[in-house]
Every structure is written in C-alpha cells, then in structure tokens.
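Below: the structure, in structure tokens.
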Amino acid sequence: MGIESILTKIESWHDEMVACRRDLHKHAEPGWREYRTTAKIIKVLKENNIPFKYGHEIINPEFLWSYPTQDVLEAHQKRAIEQGADPEIIAEMKGFTGACAIIETGKPGKTIAIRFDIDCNDVNETTDPNHVPLQEGFASINPGCMHACGHDGHATMGLYTVLALNEIKDELCGTIKMIFQPAEEGVKGAQSIAEGGILDDVDIFLSSHLGMGYKTGELIGLTKDFLSTTKIDATFHGVASHAGMTPQEGRSAILAAASAALAMHTFCQDSRGASRINVGTIHGGTGRNVVPDKAVIQIETRGKTADIERNVYNRAMESIEGAAKMFGCTVETEIMGSASSADSDWALEPYINKAQARIPEITKYQPEDGFTGSEDATYLMAKVQEHGGLATYMGVGADIAAPHHNGKFNFDEKALVTNVKLHTAIVWEICNE
C-alpha cells in the first residue's frame with residue numbers, strides 16, 4: 001500500500017474515530033475498572049483477526065496500586081455489560097482490564113511497543129450548556145467519571161493505529177506491540193505492566209499525550225524532566241472522647257494529621273534539583289464536640305530524580321510518624337501509586353522528524369521540551385531503557401476547552417487523525433530506514 005496511501009486512508013477514518021472517541025467519553029470508566037472500554041477494544045481486534053493478550057496476561061499482580069475491592073470490580077463489570085459490553089469478552093478478561101495487540105510481520109527486525117492509556121478521571125462533567133460534549137450528546141453518563149485528560153482520545157488513537165499498522169504489516173519488520181494501559185491517573189497502572197514481562201524484548205518504546213499545553217498542529221518529539229513521584233494515604237488513629245467533659249482522655253487524630261501536614265512541607269528543599277510535596281486532602285472527625293479518633297491525609301511527593309523524591313518521601317514519613325507519636329496516636333500508611341523519573345532518547349528524534357514531515361496537519365515541530373509533571377509511562381520507558389532500548393514520550397498538540405482534569409475539559413478532535421498518522425509513520429520510518 002505504501003506509507004502515503006495509508007496516511008491518506010487514515011484521513012478517511014476521521015468520522016469513525018470521532019464516533020469511537022465520543023462513545024468512550026460517554027461511558028467513562030476509572031482506573032482498573034475500564035471493562036467496557038477494554039471490551040470495545042478487544043472486540044475490534046477480534047473482528048480484524050489481530051492477535052492480542054488480555055490484561056491478566058500482561059499485568060504483574062504484585063503491583064496493583066490502589067486496586068478496588070472485589071465487590072467494586074464486579075459492580076463495574078455489571079455496569080459495563082448493561083452499557084453494551086460483550087458479556088463473553090468480559091468473562092474472558094478474568095476481572096482485569098487493559099490489553100496488548102501484537103502485530104507479527106514475519107520478518108526480522110526491532111520490537112516496537114506503543115502505549116495508550118484508557119482510564120478516566122474521578123471528575124463530574126460540567127452541566128454548562130455551552131459544553132460541547134453536552135451539546136452533542138456525548139457527556140459522561142457515569143457519575144463521578146469523566147475523560148477530563150484525553151484518554152478517550154488516546155484509546156481511540158491506539159485502536160486505529162493498530163488497524164493502520166495491520167494494513168501495512170507486509171511493509172514493516174519485526175514485532176509491534178500496542179499496549180492499552182489501565183489506571184494511569186494517580187500513576188497506578190504502568191508499574192504492573194513494566195513488571196509483567198511484555199516489555200522484556202522491546203527495543204523501542206513510544207508514547208504520547210494530547211494537549212499538555214500545546215496547540216492543535218504542534219508536536220513535541222521528545223519530553224524530558226518527568227518528576228519521580230509517590231502517592232501515599234496516611235490514616236491516623238486516636239482515641240475519641242467528649243471534648244468538654246473528658247478532653248484529657250482523648251487523643252486527637254486531626255491534630256496529629258494537621259501537624260504532620262505542616263511539618264512535612266518544610267522538607268522538600270533539595271539543591272540537587274526540583275522537588276515537591278503536597279497534602280491534597282485531609283478528612284477526619286465525627287462532630288464538633290468529639291475528640292476525633294480518625295483522620296486521613298492524602299499526600300504526594302515528587303523529585304527530579306528518584307533519589308531526590310525518595311529523600312522527600314522519607315522525610316514525609318518521619319513527619320507522619322513523629323506527629324502521630326507526639327499526639328498519642330498510631331498511623332498506617334499505604335502507597336497508592338508511583339512513577340519514576342525519565343528522559344526521552346535523542347536517538348529517536350530523526351525517526352520522529354522524518355515522520356512528522358509527512359504529515360501536513362503538523363504545522364510546528366519542536367524536537368524537545370521539558371515536562372515538570374509526572375506520568376507512569378516513565379516506568380515503561382525505564383524498563384526498556386534498562387536493557388539498552390530507546391524510549392520517547394511525545395506531546396501532540398490539541399486545543400482544549402479547559403485545563404486537564406477540569407469538568408469542562410474537551411479537546412480538538414482533529415488531533416485524532418494527526419496522532420494516528422504520527423505513530424503509523426514513525427513505525428514505518430523505523431522499519432524502513
């Protein structure tokens with residue numbers, strides 16, 4: 001078919017991609033519970049005779065951060081079926097979401113992996129009548145679930161990239177693995193895949209994100225400076241007592257939690273590079289006249305390197321333990337998610353540059369830029385880089401209606417075609433250098 005022919009054909013898929021993205025947006029599903037989303041992806045792979053592995057075949061269950069209880073998982077499976085998921089596919093998933101499509105070209109060559117995340121945010125979508133998804137009838141119907149970061153677009157782009165590469169697999173070489181990753185939000189899902197073995201033979205790893213502050217038509221080929229991060233929940237246990245009659249018999253969990261929050265914010269300075277700490281939520285107590293016996297804080301630590309982040313994390317843990325002891329409380333901590341630091345490999349820039357030059361929708365190309373947030377694709381990047389492979393994370397511009405993770409978020413759907421073209425062309429360039 002040739003690269004130009006498939007790029008032209010991708011343009012003809014625009015309306016299909018928009019319909020797919022809007023269907024996923026309407027039926028948004030949170031991390032580890034993306035049953036309908038995964039079933040939809042698998043259904044298309046089956047219809048096109050594209051080999052794949054289920055999530056349970058590529059996930060290491062020892063790294064299931066913030067994994068829901070069985071009753072929650074079963075409720076979401078039930079909802080997925082009620083909303084149109086194939087019950088047989090749901091059963092075949094064995095309770096796990098995510099998948100990996102595998103294209104074997106039958107010719108020797110590199111093994112390339114491309115990752116697309118598929119989960120939504122824990123956000124209620126706006127009811128503003130000017131919100132396009134509401135106007136067009138594809139706003140989320142699932143309370144507290146919204147694709148407010150573009151992962152509905154990512155899943156769609158991954159699915160159509162698989163279809164495009166499958167059509168030209170006779171012109172490619174090696175093996176292409178397309179990973180549909182659950183639970184990116186809260187950096188919960190990638191480590192389980194990184195430790196699951198699917199990347200052990202991968203030579204080149206690609207991933208990308210829509211928006212990220214870049215406009216429609218813009219492309220960042222290589223991102224760097226991802227911050228290593230750990231997400232922690234700390235639960236303080238005190239002793240309840242009447243606040244007026246017997247306050248001396250109580251042990252305030254809220255005072256312990258508040259003291260920990262104040263103390264740990266003094267420990268994030270590090271001359272070696274950027275570091276962050278944030279106590280994002282604090283909940284506790286049962287009434288104004290009761291010494292509170294329970295309080296929970298949700299914390300995140302970040303650092304430019306794993307060593308810097310680990311230093312911030314350790315100091316935070318010391319603050320938590322010290323505050324609990326000071327107020328006569330006990331405390332339990334649980335890691336809810338994490339991501340490593342990572343930089344993209346410059347050796348991949350020539351392939352990206354050649355690929356983007358074939359795509360007229362890309363009007364501004366920037367080879368490299370920094371990213372001072374966190375993303376759990378870094379675990380996948382690091383896993384490939386550890387055994388000598390190359391990895392990159394790209395920023396594909398898309399105009400957005402509101403910031404990421406905002407209830408009014410929406411993105412320019414023209415970016416769907418651009419991204420599918422981009423990933424298809426990069427793989428073609430790698431295989432045909």
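Tabulated data for the structure shown
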item: On Cα atoms only, tilt of 70-82 relative to the major axis of the chain in degrees; result: 40 degrees
item: Amide H partners (placed H, <5 Å) of K408, local residues excluded; result: T126
item: Dipole magnitude (debye, nearest 20) for segment 228-339, charges at Cβ of Lys, Arg, Asp, Glu; result: 240 debye
item: Total formal charge among the other residues, if their Cβ is under 15 angstrom from that of A401, Lys/Arg +1 and Asp/Glu -1; result: -2
item: Cross-link pairs K9/K169; K40/K414; K43/K94; K231/K383; K9/K43; K188/K421 - those with Cα-Cα distance over 18 Å; result: K40/K414; K231/K383; K9/K43; K188/K421
item: Trypsin sites (Lys or Arg not before Pro) lying in DSSP loop within segment 200-258, provided at most 16 other Cβ fall within 10 Å; result: K215
item: Mean Cβ neighbour count within 10 Å, used as a protection proxy, ranking 118-127, 382-391 highest first; result: 118-127, 382-391
item: Candidate values (1) 21, 48, 25, 6, 0; (2) 28, 60, 12, 0; (3) 25, 54, 18, 2, 0, label of the one derived for P(r) over Cα pairs in 20 Å bins from 0, in percent; result: (3)
item: Which of V123, W428, Y160, positive extreme of dipole for the chain (C-beta unit charges); result: V123
item: Vicinal HN-Hα couplings computed from phi for segment 300-305 (Karplus, 6.51 cos²θ - 1.76 cosθ + 1.60; Hz; Gly/Pro x); result: 9, 10, 9, x, 4, 10
item: Relative contact order, percent, the chain [alpha-carbon distance under 8 Å, six or more residues apart]; result: 23 percent
item: Which of S252, I232, T301, positive extreme of dipole for segment 228-339 (C-beta unit charges); result: T301
item: Charge sum, other residues only, whose C-beta stays under 14 Å from D201's C-beta, Lys/Arg counted +1 and Asp/Glu -1; result: 0
item: Rounded tilt (10° steps) of 3-12 against the dominant C-alpha axis of the chain; result: 60 degrees
item: Aspartates and glutamates whose Cα lies under 16 Å from that of K78, excluding same-chain neighbours fewer than 8 positions away; result: E29, E34, D86, E88, E92
item: Trypsin sites (Lys or Arg not before Pro) restricted to segment 273-310 and DSSP loop, no more than 10 other C-beta within 10 Å; result: R288
item: Most mobile of M245, M157, M317 in a GNM of the chain (Cα contacts under 10 Å); result: M245
item: Helix axis angle, 306-326 relative to the chain longest principal axis, alpha carbon, degrees; result: 20 degrees
item: Formal net charge of residues neighbouring T235 (Cβ-Cβ distance under 9 Å; K, R +1; D, E -1); result: -2
item: Beta bridges per DSSP with both ends in the chain, % antiparallel, nearest 5; result: 65 percent
item: Neighbour-limited loop hits for GluC sites (Glu not before Pro), segment 129-223 (at most 13 other Cβ within 10 Å; DSSP other than H, G, I, E, B); result: E136
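The numbers here are math on the coordinates, done by the rules we state, and not lab data. Small disclaimer: the values here were computed from a predicted structure and weren't measured. As a convention, Cβ positions derive from the backbone with ideal geometry for all residues, glycine included, and neighbour counts pool all protein chains shown.
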